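Notes to accompany the following structure.
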Protein chains: 2
Amino acid sequence: MRSDARKNYDHILAVARDLLSGEGADASLRDIARKAGVGDGTLHRHFPTREALLEALLRTSFDALAARAGELTRCEQADEALLSWLREAIVVTHSYKGVITPMVAAIADENSALHSSCVDLRQAGAELLQRAQTKGLARQDMDGNDLFALISALAWLADQPPLVPRADHLFEIISDAILSRRTGGVPESQRA
Amino acid sequence: MRSDARKNYDHILAVARDLLSGEGADASLRDIARKAGVGDGTLHRHFPTREALLEALLRTSFDALAARAGELTRCEQADEALLSWLREAIVVTHSYKGVITPMVAAIADENSALHSSCVDLRQAGAELLQRAQTKGLARQDMDGNDLFALISALAWLADQPPLVPRADHLFEIISDAILSRRTGGVPESQRA
DNA sequence: TGACAAATGGAGCGGCGCGCCGTTTAAGCG
DNA sequence: CGCTTAAACGGCGCGCCGCTCCATTTGTCA
């Protein structure tokens, strides 16, 4: 890659990170090009689709999340490990509002630039889930797809402005569903 | 309203019902106008925004859902009543793929044409929820907003093609969360 | 320094939701 | 019945969008 190309690539990525974290993952690509001071053509050559741009932005976060799952595998409480990782995964998806929808679409589309990122994410979660299941701490009737779906749902909920105030609470409710085998129910004293 | 206007109004609505149920709630409005054989202006005068059109399409279903909630209030098992109604509510939102996002946005926007429809829906659910809670059959730490959010999440999940195969199962998982007090867990034999 | 592949940027294409406005038409009245 | 008039009409035009194409510029290396 030529030096000017490299510079533009990096600069576009930086501008995109800025703009998308403010306006959400569906911000105008033309705006990004304008703000980066490059032509539309340049942006689209480096990132042919919106997914390609998102992939470049999310790749490192997703790798970190996969690594984190590895660490948590060595945690004593398999249920707490899963829970912590879920929380972190959702935080990552909140880097860019609205990013979860293309991610879900990508997991079934091998041609999407986001595909492998999403598959990796699902795999990381699936391992933590399975460990919790083996120890009898999570519902047995779930797999990695279900976990991915529930993460998606929680991420989507937290992307909807009217639902934001209850997002944490909804996380608890759904967590309880996943880890329902843990206690057979949350003690009265711990409920909101 | 003049007779020609009435005819166009009805015809547009019929065409929209057809087209939106196939292509989803974000189908092109211009396409609807074209297919109905009217100009863009005519469509937009009758339905100033997409929300207005959706409202006209959903109104009767929502009213029916509210009435259904009333009926179910007289059902013996408050938990089963809530569950049935949830299922029906989600079926209604599936009339038009992608309709849940504008609905969620509308519940916090009093100026949206969809606002009152959504408020009514939330209210209907809230009553069934409260009855189940009173009888100790549903989580105490939830209100109508939470229920609405969970319905939204389930509706959204079922709108995502890759997640469709697991949608029913995810419904069960989240139902268990809402009605967790019912049994303290699903018997091993009933799990997938 | 010259040649050339690589990279650029912006005009252009077909799409969108929607506002505007000159034209047509239904409907009530003398 | 014909006239009038307000209501309804349709579609052009605006500013967006993602994306493609290609004449022009620029970095690189012999």
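Every number here is computed from the coordinates shown, using simple stated rules; none is lab data. Model, not experiment: these values are computed from the prediction. For neighbour counting, all protein chains shown are included, and Cβ atoms are generated from backbone atoms with ideal geometry for every residue, glycine included.
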Mind scanning B:Lys35/B:Lys97; A:Lys7/A:Lys97; A:Lys97/B:Lys135; A:Lys135/B:Lys135; A:Lys97/B:Lys7 and naming the pairs with a C-alpha gap bigger than 31 Å?
A:Lys97/B:Lys135; A:Lys135/B:Lys135; A:Lys97/B:Lys7
Let me know the shape class of region B:57-190, please: from the alpha-carbon gyration tensor, a ≥ b ≥ c as square roots of the eigenvalues, rounded when a/c is under 1.5, otherwise prolate if a/b is greater than b/c, or oblate.
oblate
Calc'd 3J(HN,Hα), region A:97-106, phi into Karplus 6.51 cos²θ - 1.76 cosθ + 1.60 (θ = phi - 60°), Hz, glycine/Pro = x, comes to 3, x, 6, 5, 5, x, 5, 5, 4, 5
Classify the protein assembly as shown as rounded, prolate or oblate from the Cα gyration tensor: take a ≥ b ≥ c as the square roots of its eigenvalues, call it rounded if a/c is under 1.5, otherwise prolate when a/b beats b/c and oblate if not.
oblate
A:Asn111 label points, 7 Å along Cα→Cβ, one per copy: pairwise distances from this copy to the rest in nm, shortest first?
4.1
Here the correct list, in nm and shortest first, of distances from A:Asp63 to the same site in the other copies, label points 7 Å along Cα→Cβ, is 5.9
Longest exposed-site-free window of chain A, the sites being GluC sites (Glu not before Pro) in a DSSP loop that have at most 12 other C-beta atoms within 10 Å
A:111-192
Report the FRET efficiency, 1/(1 + (r/R0)^6), for B:Ser21 and B:Thr73, where r is their Cβ-Cβ distance and R0 is 22 Å, rounded to 0.05.
0.15
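Please give the FRET efficiency for A:Asp143 paired with A:Glu110, using the beta carbon to beta carbon distance and R0 = 25 Å, rounded to the nearest 0.05.
It comes out at approximately 0.80.
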Defining the label point at 7 Å along Cα→Cβ, can you sort the distances from B:Pro165 to the same site in each other copy, shortest first, in nm?
4.0
So how long is each side of region B:35-136 along the principal axes, counting just the alpha-carbon atoms, biggest first, in Å?
55, 26, 19
From Cα coordinates alone, what are the radius of gyration and Dmax values for region A:1-48 in angstrom?
10.2, 31
